[in-house]
Amino acid sequence: MAAKDGGEVSSKLVLYSYWQSSCSWRVRFALNLKGISYEYKAVNLAKGEQFSPEFEKLNPLHFVPVLVDGGVIVSDSYAILMYLEEKYPQRTLLPTDAQRKALNLQVASIISSSIQPLHMLSILKYTEEKVGPQERLLFAQTNIEKGFLALEKLLKDFAGKYATGEVVCMVLLEFHLCS
Amino acid sequence: MAHEEKKLKLYSYWRSSCSFRIRIALNLKGLKYQYIPVNLLKGEQFSPEFQKLNPIGYVPVLVDGEIIVSDSFAIFMYLEEKYPQHPLLPSDLQKKALNFQAANIVCSSIQPLQNLAVLKYIEEKVSPDDKIPWAKLHIEKGFEALEKLLKDHAGRYATGDEVFMADLFLAPQIHAGIKRFNVDMAKFPLLSRLNEAYNELPQFQNAMPENQPDSPSA
């Protein structure tokens, strides 16, 4: 399991992460579900550590999470999840049924493309400056609610104990950032 | 035979870059489909029939017999698995991951910030004059990221010498940036070069907005 202080670590998988980053959280969740040990390397975004020359070499876009698996470096939570799913197929995160698989990907996309980008700090600042201070919250809420309403409709005929059935699937990994 | 060929239906809007991505994929895989236009400007995405297909009201939607798939990323993965001819993802895991990353930059960091709903919001709440500068800002930011990401990996196309997923997501975004949002492509030499390569491919040309049945110029 994860070791913060260099205790029992995997020599193979390293995850560059920030504790508060929801995108990092998705990947931590996936690694835990799959029972994959990894070394946790903190990148303090508040202190600008993502701009260090070392981190820049790993991800020139300065985002977390970044997964390093031996010689392979993967950035972007969606790309990392797809990589993990293929490389470590234990405890699959995508159903084999084509319709359910597509539904998982669609829901993941709704969250990562239609909800999350619209409540990024830079966007909210813009609405505050250009429209008014009350707009910031209203804009975020409107977009989150729009997304959630769509998700309710999408999932109502499929949901079991978890979003698309009885098994925790990729979609759940994406939900955290909005809850 | 004709029935078999048109088994696939694509709900699409001519100008939708997300629909454009899938039109390219279908062309590359040699898949015939019935084009069903959804006029976003007229609000046809809010019709009860369309809402049944996709409650969030976005195009594209693919219908393949009993299966309904919405969201271009999900549709892409569905097509790649169901119709493996002309693979659109490399088998090498690192390169595959790079394709996902590039595609995600477009579909999470660029396109959502310049889609119809957001532009309408800015037009109504801020000012009509702010629409283009807003879109241009976010597209250029994303393009800068893509230039950095791809510069050590691009060949003839984004991630090598074959067309893969990244190209399908890039081409429509570059097209939109140029045609609609005054993006200064001189700042993006790699993307400019890729765009020229895409423009030479009939599968990309046929998928272009201006060549769709519901394009105003059709």
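The values are calculated or read from the model by the stated rules, or taken from the named source; none is laboratory data. It should be emphasised that the depicted structure is a prediction, and the values quoted were computed from it without experimental measurement. Quick reminder, even Gly has a Cβ in these numbers, built from the backbone with ideal geometry, and neighbours come from all protein chains shown. Quick note on the areas: whole protein, heavy atoms, side chains included, nothing else; ligands and nucleic acids left out. Shrake-Rupley method; radii C 1.70, N 1.55, O 1.52, S 1.80 Å.
For segment B:139-163, enumerate the residues that are farther than 15 Å from residue B:22 by Cβ and either of a type in the set (A, V, I, L, M, F, W, C) or without any contact (Cβ under 8 Å) to a residue 12 or more places away in the chain (or both).
B:139, B:143, B:145, B:146, B:148, B:149, B:150, B:152, B:154, B:155, B:158, B:161
Scan A:51, A:63 and give me the residue that is without any contact (Cβ under 8 Å) to a residue 24 or more places away in the chain, open to solvent by 20 Å² or more (accessible area, probe 1.4 Å) and under 30 Å from residue A:143 (Cβ atoms).
Being without any contact (Cβ under 8 Å) to a residue 24 or more places away in the chain, open to solvent by 20 Å² or more (accessible area, probe 1.4 Å) and under 30 Å from residue A:143 (Cβ atoms) holds for just one of A:51, A:63, which is A:51.
Please work out which residue is nearest to residue B:141 (Cα to Cα), limiting yourself to segment A:48-69 and to residues that are within 10 Å of chain B (Cβ to nearest Cβ) and either outside any helix (DSSP H, G or I) or touching a Phe, Trp or Tyr at 6+ places or on another chain (Cβ under 8 Å) (or both).
Among those residues, the one meeting the criterion is A:61.
I need the full set of residues from segment B:13-32 which are hydrophobic (A, V, I, L, M, F, W, C) and open to solvent by less than 30 Å² (accessible area, probe 1.4 Å), in order please.
Hits for segment B:13-32 are B:18, B:20, B:22, B:24, B:25, B:26, B:28, B:31.
Is it the case that segment A:125-141 has a residue that's under 14 Å from the mean Cα position of the chain (by Cα), more than 7 Å from every other protein chain (Cβ to nearest Cβ) and not aromatic (Phe, Trp, Tyr)?
Looking for residues that are under 14 Å from the mean Cα position of the chain (by Cα), more than 7 Å from every other protein chain (Cβ to nearest Cβ) and not aromatic (Phe, Trp, Tyr), one finds none in segment A:125-141, hence no.
Tell me yes or no: at least one residue of segment B:102-111 is open to solvent by less than 20 Å² (accessible area, probe 1.4 Å), part of a loop (DSSP other than H, G, I, E, B) and modelled with pLDDT of 95 or more.
Checked segment B:102-111: no residue is open to solvent by less than 20 Å² (accessible area, probe 1.4 Å), part of a loop (DSSP other than H, G, I, E, B) and modelled with pLDDT of 95 or more.
Just to be sure before I move on: is residue B:149 assigned to a loop (DSSP other than H, G, I, E, B) and open to solvent by less than 30 Å² (accessible area, probe 1.4 Å) in the structure I sent?
no
Among B:79, B:40, which is under 18 Å from the mean Cα position of the chain (by Cα) and open to solvent by less than 20 Å² (accessible area, probe 1.4 Å)?
Only one candidate qualifies: B:79.
Quick one: residue B:99 ticks every box in (1) at the interface with chain A (Cβ under 9 Å from one of its Cβ atoms); (2) open to solvent by 10 Å² or more (accessible area, probe 1.4 Å) except a single one, so which number is it?
Residue B:99 satisfies every listed condition except (2).
Quickly run through segment B:118-132 and pick out the residues that are more than 21 Å from the chain's Cα centre (by Cα), surrounded by 12 or more Cβ atoms within 10 Å (Cβ to Cβ) and of a type outside the set (Ser, Thr, Tyr).
Once the filter is applied, which keeps residues that are more than 21 Å from the chain's Cα centre (by Cα), surrounded by 12 or more Cβ atoms within 10 Å (Cβ to Cβ) and of a type outside the set (Ser, Thr, Tyr), segment B:118-132 yields B:122, B:123, B:125, B:126, B:130.
Filter segment B:194-218 down to the residues that are in contact (Cβ under 8 Å) with a residue 12 or more places away in the chain and of a type in the set (D, E, K, R), then identify the one that is surrounded by the most Cβ atoms within 10 Å (Cβ to Cβ).
B:214
Which condition number does residue B:43 fail, the rest of (1) on the phi > 0 side of the Ramachandran plot; (2) free of Cβ contacts under 8 Å to residues at least 12 places away in the same chain; (3) of a type outside the set (Val, Ile, Thr); (4) touching a Lys or Arg at 6+ places or on another chain (Cβ under 6 Å) being met?
Against the list (1) on the phi > 0 side of the Ramachandran plot; (2) free of Cβ contacts under 8 Å to residues at least 12 places away in the same chain; (3) of a type outside the set (Val, Ile, Thr); (4) touching a Lys or Arg at 6+ places or on another chain (Cβ under 6 Å), residue B:43 comes up short only on (4).
Does residue B:91 meet the test of being open to solvent by less than 10 Å² (accessible area, probe 1.4 Å) and either basic (Lys, Arg) or farther than 16 Å from residue B:158 by Cβ (or both)?
So residue B:91 does not fit the description; no.
Within segment A:110-137, restricting attention to residues that are crowded, with 16+ Cβ neighbours inside 10 Å and small (Gly, Ala, Ser), which residue is farthest from residue B:18 (Cα to Cα)?
Going through the qualifying residues, I end up with A:112.
Are any residues in segment A:74-102 at the interface with chain B (Cβ under 8 Å from one of its Cβ atoms), in a helix (DSSP H, G or I) and buried (at least 24 other Cβ atoms within 10 Å of the Cβ), and if so, which ones?
Those that are at the interface with chain B (Cβ under 8 Å from one of its Cβ atoms), in a helix (DSSP H, G or I) and buried (at least 24 other Cβ atoms within 10 Å of the Cβ): A:78, A:80, A:82, A:102.
Which is within 30 Å of residue A:132 (Cα to Cα) and charged (D, E, K, R), of B:151, B:141?
Going through B:151, B:141 in turn, just one is within 30 Å of residue A:132 (Cα to Cα) and charged (D, E, K, R): B:141.
Could you tell me whether any residue of segment B:45-63 is assigned to a loop (DSSP other than H, G, I, E, B) and surrounded by fewer than 17 Cβ atoms within 10 Å (Cβ to Cβ)?
Yes.
Take the residues in segment B:54-93 that are among the β-branched types (Val, Ile, Thr) and out of contact with any strand residue (DSSP E or B) (no Cβ under 7 Å at 6 or more places or on another chain), then tell me which one is nearest to residue A:82 (Cα to Cα).
That would be B:67.
So how many residues does segment A:103-119 have that are more than 7 Å from chain B (Cβ to nearest Cβ) and either without any contact (Cβ under 8 Å) to a residue 60 or more places away in the chain or assigned to a loop (DSSP other than H, G, I, E, B) (or both)?
Result for segment A:103-119: 1.
Of the residues A:43, A:107, which single one is at pLDDT below 90, in contact with an Asp or Glu (Cβ under 9 Å, 6 or more places away or on another chain) and crowded, with 21+ Cβ neighbours inside 10 Å?
Only one candidate qualifies: A:107.
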